[in-house]
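Heads up, the thing below is written out as structure tokens.
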């Protein structure tokens, strides 16, 4: 099914984050991060936030991190962001 | 900014969340479509977050399932504020009452200010205002200022212009009085200057001179009639004369254009020059300006700076021709004449007469003839001139 979707996207040149439910990140300097299409928070501390996404996690480290907003699709992280790591788990990479 | 206003409008709660695996708990909340914001990490089992007032009750089923504790720390927003105000009903009514009284007080007339009065008594105006319906404490809305203006203009004859306007709760009344023409004063008409009468028009009274008569200043011209008034126009020819003199050689001072400036210090009454002390030119004009160094109120140091400006001058002997000398003498005489004349007098003719014409100087007399009104009212005639 995923393969078909990928084919579909390639042919019609569609944005994959919408069709495939893939994460879309937007980073403002080092103090604000917007993330769409998250699958929930698996771990939250003021130094580290681990966010579940399709096919893995995004791990954000920093100082004084807080989730400034969260709803079903998107979330925003604020604080001093030091690193963003992508951790793949299960499934094919898109 | 807009989201903040929205949160405030809806009302929100600051909550403390306690329990295990709080990250997943938050994910579950957001999965339910509930918005959380400002999530802060306090300890591993204690988070703090904000939630809308209406969403709080939706958490209950989840809390029972997860055995998490949620505690409200603070209530913020408009709904809570209104609730608080409802508890303080008296404060609210006080504020409203204050505003009402303020508005009411501002819409009343409290005082009047009349300006521009010279001869009319203020009480006359005040009385007329009262008749027009103006009194303290009347509602401003009830007064038609234009109508009152017209009423006052009709009532008081001596007013030529009036303007009423509001300045807050004060009614400002600007008045311009009529200038009443002064009645003709009684007395006789006498001559103000020496001259020969050319025209005599008697409007009131009886003339004692006739056209062609030579009169001297102060001489009686027109006697009053039965009512004691004398009026008339008496035109007379009047001579003025002046003598002008000019020599054919004259010394003229001319600036050469060269200039030097020295500076110095004045201590007390002593002048101390800096640099050169001798004047730079043989003939010069000196301009000295002082400048105080320190001055505050009436305290000043006795030390002043000064500047000396030397301007070189050259003295030239100028020779005039006969015509030039004549012209200069005439100019001087004319200047002397014009200072004697009053404004607006028409000069009829000018004569000139050379008195002395030598090698060195020329003298001439200038006579001008004018025609002017010499009628002058002399009050309180006692029978003598």
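Quick notes on this structure:
- Of all the options B:189, B:162, B:253, the one that moves most in a Gaussian network model of chain B with Cα springs shorter than 10 angstrom is B:253.
- With eigenvalues of the C-alpha gyration tensor scaled by 5 and rooted, region B:230-347, Å: 49, 28, 9
- Centroid-to-centroid separation of region A:35-94 and region B:85-124 [C-alpha atoms, Å]: 63 Å
- Inter-chain neighbour count for A:75-87: the average number of beta-carbon atoms from partner chains within 10 Å of each residue's beta-carbon is 1.
- For region A:22-88, radius of gyration divided by Kirkwood radius, i.e. Rg to Rh on alpha-carbons: 0.91
- The coefficient of translational diffusion for region B:57-112, derived via Stokes-Einstein from the alpha carbon Kirkwood radius under 37 °C and 0.692 mPa s, stands at 208 µm²/s.
- Over region B:53-190, the pair-distance histogram of Cα-Cα distances with 10 Å bins from zero comes to 9, 23, 15, 11, 10, 9, 8, 7, 5, 2, 1, 1, 0 percent, rounded to whole numbers.
- The mean number of Cβ atoms from other chains found within 10 Å of a Cβ in peptide B:28-36 is 4, as a whole number.
- Per-residue Cβ neighbour counts within 10 Å put B:54, B:282, B:213 in the sequence B:282, B:54, B:213, beginning with the fewest.
- Summarised in one figure, the compactness ratio Rg/Rh of region B:142-265, Cα atoms and Kirkwood Rh, is 1.42.
- Angle in degrees between helix B:322-338 and the longest Cα principal axis of chain B, rounded to the nearest 10: 70 degrees
- Choice from B:177, B:113, B:308 showing the highest fluctuation, given a GNM over chain B with Cα pairs closer than 10 Å: B:308
- Cβ-Cβ distance of residue A:39 and residue B:113, R₀ of 60 Å, FRET efficiency by 1/(1 + (r/R0)^6): the value works out to about 0.15.
- With the simple model of a label 7 Å out from the Cα in the direction of the Cβ, residue B:227 to residue A:13 spans 11.0 nm.
- Segment residue B:355-residue B:20, extension gain: residue separation times 0.36 nm, minus the distance between their alpha carbons: 107.4 nm
- B:102, B:306, B:81 arranged by Cβ crowding within 10 Å, fewest neighbours leading: B:102, B:81, B:306
- Evaluated at q = 0.23, 0.24, 0.33 Å⁻¹: base-10 log I(q)/I(0), Debye formula over Cα of region B:187-234: -0.72, -0.78, -1.28
- Rg followed by Dmax, in Å, when the protein assembly as shown is reduced to its Cα trace: 52.1, 139
- Fluctuation leader among B:139, B:220, B:301 - chain B, Gaussian network, Cα springs under 10 angstrom: B:301
- Average partner coverage of A:58-68, which counts Cβ from other chains inside 10 Å: 3
- Ratio Rg/Rh, restricted to region B:111-177 and using Cα atoms, in which Rh is the Kirkwood radius: 0.92
- Shown here is the pair-distance distribution of chain B: with all Cα-Cα distances grouped in 20 Å bins from zero up to the longest one, the shares run 14, 15, 20, 23, 13, 11, 3 percent.
- Likely footprinting exposure, B:48, B:135, fewest C-beta neighbours within 10 Å first: B:135, B:48
- Long-range tail of P(r) for region B:2-82 (Cα pairs > 18 Å, %): 38 percent
Every read-out reported here was derived from the displayed coordinates using simple, explicitly stated rules and does not represent laboratory data. Because the structure is predicted, anything quoted here is derived from the model rather than measured. Positions of Cβ are generated from backbone atoms using ideal geometry, with glycine treated the same way; all protein chains shown enter the neighbour counts.
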